[in-house]
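Notes follow the structure.
Derivation of every value follows stated rules applied to the coordinates shown; laboratory data play no part. On a predicted model such as this, the values are computed, not experimentally measured, just so you know. For neighbour counting, all protein chains shown are included, and Cβ atoms are generated from backbone atoms with ideal geometry for every residue, glycine included.
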Amino acid sequence: MSLSAVCFSLMALCVKWVTRDLPPFEIVFFRSFFGLLWVLPLIFCSKTSLWGVEHGKLIARGISGCLALLLHFYTIAKLELGTAIMLNYTAPIFAVIFAVCFLHERPSLSLYGLIFLSFVGVILLNANYNVSWKPEVWLALLSSVFAAIAYVSIRTIRQRESPLTVIFYFTLISTIGSLFFIKNWKWPNMSGWIWIAGVVIFSFYGQLWMTTAYRRAPTYMVTPFQYLHPVLSFGYGWLLWGDKITWQIAIGVFLIVLSGSLISYFETKQKKHLSVPATPHN
């Protein structure tokens, strides 16, 4: 998970750097298109179903993931790097809320308290933007909302569909969808292609190692290490762009990391409890 976090932070750094010359939606297109080319041979070699069974849910997951990615790359280009990444990491909080509303899950009172704590962290994180906040901040939060919808939709289809099929829908829809947001196409120069290659490669290995971590260890054990991603992003922003790290931002990051890690722990604990068969009464 630590290697995954490093890769995702380097991917965000590449996005931030290349969007100085190229539109962020164009980066989404290249990331999705090359990701699609990457996953198709894996599907054919493993003889996995390309179109799957639950088409409606797969399409919904692909659309929500596409919108999340478009907004995420856009806000990386417009906001300070660490802030854009940290706001995106509120997605697990929204995922809990959606699970309550649509999957009829019943979290404990402690989880509601952690959700509130996380939003206090968001407020502190954006204290330097004054009370009104910047529109990009709201778009970053909207990105995490769409990401949460994607997470929740995966939970409803993961037993019947291969992860490769889910990735195929996501990359296909994102490739097509991103084209509708590109107004003025601009071909990358040589250095631009290098940064785009970094986006594609680091995102692939970040996803690969994150999946491996979740398969080999309990969720609550590895989840805290994924927050190395926003911490590193704050460091990149401070070193390369002189982004300020105030005490409000530091406390906000701590609250979001703490609440996100504890939510992961309590959710895993609840799933283990529900998975234990009830002892029959004699």
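Which three lengths, in whole Å and largest first, does the range 154-270 cover when its Cα atoms are put on their principal axes?
Answer, in whole Å and largest first: 48, 46, 24 Å.
Sort Ser32, Ser259 so that the residue with the fewest other Cβ atoms within 10 Å of its own Cβ comes first and the one with the most comes last. Let's see the in-between values first.
Details: Ser32 26, Ser259 23.
Listed from fewest to most nearby Cβ atoms, that is Ser259, Ser32.
Which helices pass in the chain if a helix is a full DSSP H run, must span at least 20 angstrom along its long axis by Cα, and must have mean Kyte-Doolittle hydropathy not below 1.6? All intermediate terms of the calculation are to be shown ahead of the outcome.
Numbers: long enough: 2-18 (24 Å, 1.77); 24-46 (33 Å, 1.64); 55-78 (34 Å, 0.85); 109-125 (24 Å, 2.48); 135-157 (34 Å, 1.42); 163-179 (25 Å, 1.63); 190-216 (39 Å, 0.62); 247-275 (42 Å, 0.58).
What comes out of the filter, once short or polar helices are dropped, is 2-18, 24-46, 109-125, 163-179.
Which listed residue (His55, Trp17, Ser264) has the Cα farthest towards the positive end of the charge dipole for the chain, taking +1 on Lys and Arg C-beta and -1 on Asp and Glu C-beta about the Cα centre?
So the residue we want is His55.
For each of Lys183, Lys16, count neighbouring Cβ atoms within 10 Å of the residue's Cβ, then give the residues from fewest to most.
Working: Lys183 8, Lys16 24.
Listing Lys183, Lys16 from fewest to most nearby Cβ atoms yields Lys183, Lys16.
In Å and on Cα atoms, what radius of gyration and Dmax does the range 10-105 show?
Spelled out, the Cα radius of gyration and Dmax of the range 10-105 are 16.2, 45 Å.
Let me know the number of lysine pairs in the range 2-272 closer than 30 Å at the Cα, not counting same-chain pairs under 8 apart.
17
For labels at Ile123 and Ser2 in the simple 7 Å Cα→Cβ model, what's the distance in nm?
Taking the two extended label points, one gets 3.5 nm.
Within the P(r) computed for the range 2-272, what percentage of the Cα pairs occupies the region above 31 Å? Intermediate values should be presented prior to the final figure.
Working: 8609 of 36585 pairs.
Of all Cα-Cα distances in the range 2-272, 24 percent exceed 31 Å.
Only counting other Cβ atoms within 10 Å, I'd like Thr246, Thr19 sorted with the fewest neighbours first.
On the way: Thr246 12, Thr19 19.
The fewest-first ordering by Cβ neighbours comes to Thr246, Thr19.
PRE reach from Arg20 (point 7 Å along Cα→Cβ): which of the range 175-219 fall under 19 Å by backbone N?
186-200
Under unit Cβ charges (Lys, Arg +1; Asp, Glu -1), what dipole magnitude, rounded to 20 debye, does the chain have relative to its Cα centre? Working shown, then result.
Working: 20 positive and 9 negative charges, 88 e Å.
It comes to approximately 420 debye.
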